[in-house]
Every structure is written in C-alpha cells, then in structure tokens.
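Asks: Sending over a structure as structure tokens; questions will come in a sec.
The values are calculated or read from the model by the stated rules, or taken from the named source; none is laboratory data. Predicted model only: the values in this text are computed from it and were never measured. Reconstructed Cβ throughout: ideal geometry from the backbone, glycine too, with neighbour counts over all protein chains shown. Just the protein is used for accessible areas: all its heavy atoms, side chains included, with ligands, DNA and RNA removed. Shrake-Rupley method; radii C 1.70, N 1.55, O 1.52, S 1.80 Å.
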Amino acid sequence: MRERGKILYPGVTKQSARLEVLLRPTGVCSTRQLRLQPEPTRRRGRRPAERCYSTKYPANEVTSPQDGKVLDAFKQSLQFPPASCTFAQIADDEATWIDRQVTLHGYLGTRRIANKGLTFAELHDMSLESVVQIVSTATKHADSISLPHRLLQDLAHHTPVVVEGTLKGRQAPKTSKASKNGAPVSEKPTVITGLELKLENIVPLNTLPDDLILTDDTVFGPNQRHLQIKHDKTIRDALRFRSKAARFIRDHLVDSHGFEEFETPLLFKSTPEGAREFLVPTRSPGLAYALPQSPQQYKQILMASGIPRYMQIAKCFRDEDLRADRQPEFTQVDLEMAFASGEDVMRTVESTVRALWKRMLHIEDLPLPFPRLTYEEAMSRYGSDKPDIRLGSEITRIDYMLPVDLISKIGPHADPIVDVIKLPISKDTSSTREFVVNFMESAEALPFLQNPDGQPGIFIVDSRKPLQGLQPFGFEAAEQVDEMLALEDGDLLVLQARKKLSFAGGSTPLGNLRLALHKAAVKQGFLPAPKGFAFTWIMDFPLFSPNTDSDPGQGGFAGISSTHHPFTAPKSPGDVDLLLTDPLQAKADHYDLVLNGVELGGGSRRIHNAEMQAFILRDILKMSEVRMRDFDHLIEVLRAGCPPHAGMALGFDRLVAVMLGRESVRDVIAFPKSGRGQDLLVKSPTMMTEEQLKTYHLRIRDGE
C-alpha cells in the first residue's frame, strides 16, 4: 500500500534496525528481502567503504521455491510505483519543480558519505542521459526515515531503483568546460544543477553480484556487449543516432516521395543471384529455405503487382568473408520505383541523403546533383570503383613517356601499361625517404611487394640531384612528368605496371597502394586527415564479368557472370546489341553511390520483360534448365505486363558509420557479429545436437 506518495513496507516498524540480506545473489533487493534486527554499536568515524553481504545459499545452488524468499523478492519488484515525471520534464523548467514531491526511476550512481547522518548520491535516469543529486539525512532518533537512508548507503553502484522525495533548490555548481558551440566536452550525462532530491524512500528493483566489477576503468569485451552498451555513452549515442536516422529516412520517403512500406519474407528460396546464401533446413527431407540476400525479387514482384513505389528498411543475409564494413546479416534501405529509370532513382536518393544530412548532421550545403564518374574513369584515375576523391593523388598513365629500359625494370610484362601517382609527403627529402623505408618494411607493404605485375617503382623528388632524382626517366620523360604533376622537393612518385587489359574487379594494386600510403602518411602526421563528405556516383559498370574462383556467380556455364545480379538491364540499345557479339563489352544501367571511399549502396534499372530475362539467364549466362527453374516464379511475374522499373539499396549500417566517422559498422550495430561471424554474447552459432540433425534429416560427413 502507499500513503501520500510514501512507500510503506509491510512488517517494518519504527525501530533501530540492522539490514541483513537473506537472498541470493548478494546485495540488497527490496525491503521484503530484509530482516530487521537490533543494531549493534559501531565505532564512531568508521564505516566499511562498501558493505559485502553474505548469502544464505552457495553460489551455484538453486534455491527451492518453497523457501519463499526468491519469490517474495520478485513479487515485490513487480509492484513498484510508476514515475511521476521524467528527468527531462524537470530539467526543462527547474524553478517550477521546487518543493514538489516526485517519484523517479533510474540507476544509482556515484555515492559520497559525508558522515553517518549525511549521504549524497547520483540518480541516473533510465536512458543514462541525465543525473539528479540525491541528498539523504538521518535523524538522531531511529525512526522510519533511517531505513531509506541506510539503504542508500548500502546499495551497490548501478542498482536500478525507485526513489521518492521532494525536490529542493540548490546553488548550481560551476559548469564544466564547454566547446565553442556550447556542447559539453565531457561525454558524461547532463546534470540537473539547480535542484536536488531530498530522499524519503528508495526501493531497489534488482541486485548486482559482487563479482561484477564496474568502474570507470573497466573494459568490457564483446562477450559482455550489454555492459559495453550500458557503460559506453558513445555506443548508446550511435545506436540512438541510428534509430533517429532510420525513422527520418522512412518518413521522408513516404511523406516527400510517395513511397509505401511493405515487408517481404525472410524465408525465401535459394536462387543464384551472386552471393553465398544461408540455408534454413525444414523437417521435410531435402527441403530448405534460404535467407534473402536482399528483397530484390520480391520488390520486383511488387512492381508487377501494381505497387508504384516500395520501400523497406530490410534485413539481408550473405554468407561472405567478413570485413570491418561487412556482416553476415545487415540492414539496407531498400526501394523500388515503377515506370521509372535510373535517373529517377538517383534524384530520389540524392534528395533523401541531402535531407538526412541536414536533419541529423545540420549540414545544409550538400551540392546537388552529386558528381558522376564512369567505372572506367574511377578505376583509371583512382584505382578503385569506390574512390575517396578527397585524397587527391590521382593516377596518371605515363608508359608512353618512359624509356623501354625503365619499363622493363618495373614489371615482368612485355608491353604493359605504367601508371604513376604523386604524394606530397614532406618538403624534406630525408623525411620522405624515412617514411618510404618504414612503410616498405612494414606488413602493410607485403601485398605490393608480392604483386605479380611487379613491385612498385619508387622515386623521391630532390632538386639537388640530376633531373630531380628522376635520372632513370631520361631527360624528356622527366621534364614531361614534372610539367604534368608539378613536382616539388620531397614529393613521392610511385610507378606501377599492369597488363594491357580492360579493368575488372573493384580495385587495382596501385589504387590499393595509394590508399595504404595515404593512411600511413596521415597516421605519421605527414598529411592531414581528410575531412568533409565527398559523394560520387559510379556508373556504366560492365554488365558481365569473367568468373573467378572467389565469386560463385550465378552458376552458369558461359565463364562469365552478372557483375551485380542477373536482373540488371543493359545501359543502351547499343549495349543490347553487344549481348550477341561481345557481352563483356556491354555496359549495365547500374549506379553505385560512393562516399569517402565507402560504397553506400547500389541500384539499377531492371529487366522488366520476361523473354529478355530468360534470354539473359539461358543464352548469355548459359544456366542449366535446373537453375533456370529457380527463376520460374519471376519469369511468370514479368509475363503479366510488368512495367519498367528501377531501384536501389543503401547499406544502412555503412551509412550510419560514415555519418558518425566510425571505422567499422560494428560500432553502430547493437549486437554485431565478430570477424568469425560469431555473437560472443549469446554464443552463436551453436553446434547442432544429434536430435536436431535427425529432425532435419541432416548428418555431418565423416572426417568433418
């Protein structure tokens, strides 16, 4: 029962008392768990820094329900009173809350016991964003108020509690140092400075075990992800940022662009779209679902179903090798538009991204439209199909300038292409030389030293030497390179040979070396860290690429695979004609959005004609009839008068990570998988039991 805002504890009388915990685990839960006994005399001026309570039960022994203590304590925790207000309501207008009685929920924070009769403690709100100070005083005579006072002194740090009391005005402490824009430098929670809570009652709602060490210096591993989140404000802030961004994107697409949100199934079927799938076995022998690599086929089905604009923040699954920006399960902002081209999709995405940056990052000057590069331009100028154009140091082809003897020394190929990049490391040539030596001796340089196209040729510009240190170039080539690249003392020149073939894949060795050298130069203070946001559309990808051992492709027998997926339309009528003569030269109506060297997402115009889709699968990719039947449902849908349509998917994890400047998507996911695809908190995946294997008609092959 409650009386005028006070919590009355059944069986507690107004007498001097000592608190003894009767319940496992250690610590104090609630007053129903407390037995009152006469208080022994204590020496003045001495009190344990932190009281450790003994328990009635061994650490690993399960108590019997008949004992009643566990059940009584849990029942008490079910009956706690509701909060009468939030910390935010109090902070909005502190003056109006003076002398008002409140009930608050939160976690106990730092406690300071001034003396036997006076204790101060922090109360953190439920979201760990705000703090109010609790003040508790004990009367000279033992009465009912002594119980909450002693309880406040004894409860463990971080205990979840209900606190009742009266808010009193106090002189605000000196403010902490703030940044130029007024935001606090500290990552600590906001303190309600003009008020303090005079304690009247406190009810703990759970306990903390003695073996859980919680200090400001405690480092929690991924197997304690719940504690990482609870005790690291930067993680909580990132997750809240993610939540707000998702909500904004959804609302913007629906309200500003007329999209409708539809959920698509997670239990799909196995189809050869290009990535490895996760299979879900069923109890029917030999039958399995597949988790979707993306909602690609379902959203195309929606386009054929009279849905003009679809969107979804979707979960996707791919059994791929993991990296810092890749997880086996990931989230994407998925959208599709009927009666639309790729240009329509790109304009919609640009509008959404610009609005998102304005709302979440308060950046209003993102220029539209975003710059565009073809795949060929990106690979030739930056050595990557997701270039970070902020870095400069563009790649230039110079083999036509160089003497034959130099070309023969920097690669094994008879008639190679030779590219060069310039990095302005230092004006001091000796510093540049030291940087190069340290880098080439590091583990980061190993892939470049083992490049089958030959090791990079490295030169340092030094005006004190003949031809500025470029003697192997010869007079004419050295002069041309100087004029082309505007060389200065200390500049680093890197030459790399490659075969005279069309670009394929996502990067070149020189493109990768460009990134590695720049990263090392930034780390060592030679170059400033790149700033800002540089968006770029990459377009005109090859429609098909040669098969590789590492890419399963679509399982056809033509030796080529769709570069992205087999539903991508050719770019132009001329590219359609190339399907009959040279498919590898055909361009795709595909577009990737790249930001600061990160591929945020990609999309394409789709093949909306059933006969054309069947032609690609059967005659170009040369899929078997068995694999063709995996797409019967899609062919049938397209036959029913499907309109032209295009779409895109933005990798939401990557998007949030880049917005917040995080290196890994794991930093913006509540429960990420490790580099080995494991959830170290819940210990997944787990070994299947014999019973489970039998249920799903599976067996582990001998020797595996």
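Asks: Are there GluC sites (Glu not before Pro) in region 335-386 that DSSP marks as loop and that have at most 13 other Cβ atoms within 10 Å, and which are they?
Replies: Glu364
Asks: Rounded to the nearest 10 degrees, what's the angle between the helix 233-257 long axis and the longest principal axis of the chain, both from Cα atoms, 0 to 90?
Replies: The helix 233-257 is inclined about 60 degrees to the chain.
Asks: Rounded to the nearest 0.05, what FRET efficiency do Ser270 and Phe503 have when you use their Cβ-Cβ distance and R0 = 51 Å?
Replies: With a Förster radius of 51 Å, E is 0.95.
Asks: Label point 7 Å out from Asn609 along Cα-to-Cβ: which residues of region 569-585 have amide N under 16 Å?
Replies: Inside the label zone: 569-581.
Asks: A further question on this structure: Given a 1.4 angstrom probe, what's the average accessible area per residue across the chain, in square angstrom?
Replies: 52
Asks: Ser408 to Met360: extension gain in nm, 0.36 nm per residue of separation minus the Cα-Cα distance?
Replies: Contour length minus the Cα-Cα distance gives 11.9 nm.
Asks: If you line up the long axis of helix 509-523 against the longest principal axis of the chain, both from Cα atoms, how many degrees apart are they, to the nearest 10?
Replies: On a 0 to 90 degree scale, this one is about 40.
Asks: In µm²/s, what is D for the chain at 20 °C and 1.002 mPa s, where D = kT/(6 pi eta Rh) by Stokes-Einstein and Rh is the Kirkwood radius from Cα pairs?
Replies: 69
Asks: Can you pull the accessible area of Arg347 for me, 1.4 Å probe, Å² to the nearest 10?
Replies: About 130 Å², ignoring ligands and nucleic acids.
Asks: Once the cut-off is 18 Å, how many percent of the Cα-Cα pairs in region 512-605 end up in the long-distance tail?
Replies: 59
Asks: If I model a spin label at Ala246 and Asp92 as a point 7 Å from the Cα along the Cα→Cβ vector, what separation in nanometres do I get?
Replies: Distance between the two pseudo-spin positions: 2.6 nm.
Asks: Right, another one. Compare the Cα positions of Thr432, Ser502, Ala521 along the charge dipole of region 412-558 (+1 at Cβ of Lys, Arg; -1 at Cβ of Asp, Glu; about the Cα centre) and return the one farthest towards the positive end.
Replies: Ala521
Asks: Could you tell me the distance between the Cα centroids of region 358-418 and region 626-665, to the nearest Å?
Replies: 28
Asks: Right, another one. What FRET efficiency comes out for His633 versus Val522 if R0 is 51 angstrom and r is the Cβ-Cβ distance? Round to the nearest 0.05.
Replies: For His633 and Val522, the calculated efficiency is 0.55.
Asks: To the nearest 10 square angstrom, what accessible area does Lys386 show with a 1.4 Å probe?
Replies: 70
Asks: In terms of the Cα gyration tensor, with a ≥ b ≥ c the square roots of its eigenvalues, is region 400-488 rounded because a/c is under 1.5, prolate because a/b exceeds b/c, or oblate?
Replies: Cα axes put region 400-488 in the oblate bin.
Asks: Next up: Just read off the accessible area of Lys233 with the full protein assembly in place, 1.4 Å probe, to the nearest 10 Å².
Replies: 40
Asks: Further question on the same structure: I'd like the orientation of helix 429-440 relative to the chain: the angle between its Cα long axis and the longest Cα principal axis, in ° from 0 to 90, rounded to 10.
Replies: Once rounded, one gets 80 degrees.
Asks: Here's another thing I want to ask about it. Restricting attention to region 643-700, which GluC sites (Glu not before Pro) occupy a DSSP loop and are surrounded by at most 10 other Cβ atoms within 10 Å?
Replies: For GluC sites (Glu not before Pro) across region 643-700 that sit outside H, G, I, E and B with at most 10 neighbouring Cβ atoms in 10 Å, the list reads Glu663.
Asks: Hey, rough spin-label estimate for Val437 and Arg372, points 7 angstrom out along Cα→Cβ, what's it come to in nanometres?
Replies: The two pseudo-label positions are separated by 5.0 nm.
Asks: Test of understanding: what is the full-extension gain from Thr689 to Lys188, defined as 0.36 nm times their sequence separation minus their Cα-Cα distance?
Replies: Gain on extension, Thr689 to Lys188, equals 175.7 nm.
Asks: Between Ile113 and Ala486, 0.36 nm times their residue separation minus their Cα-Cα distance comes to what?
Replies: Computed gain between Ile113 and Ala486 is 127.4 nm.
Asks: Heavy atoms only, 1.4 Å probe, whole protein assembly: order Met687, Met311 by accessible area, highest first.
Replies: Met687, Met311
Asks: Exceeding 27 Å between C-alpha atoms, which entries from my cross-link table qualify? They are Lys269/Lys315; Lys427/Lys500; Lys116/Lys188; Lys386/Lys683.
Replies: Pairs exceeding the cut-off: Lys427/Lys500; Lys116/Lys188; Lys386/Lys683.
Asks: Mind ranking Asp211, Asp334, Asp385 by accessible surface for me, highest first, 1.4 Å probe?
Replies: The ranking, largest first, comes out as Asp211, Asp385, Asp334.
Asks: Rank Phe526, Phe439, Phe339, Phe671 by accessible area, highest first, at a 1.4 Å probe radius?
Replies: Phe339, Phe671, Phe526, Phe439
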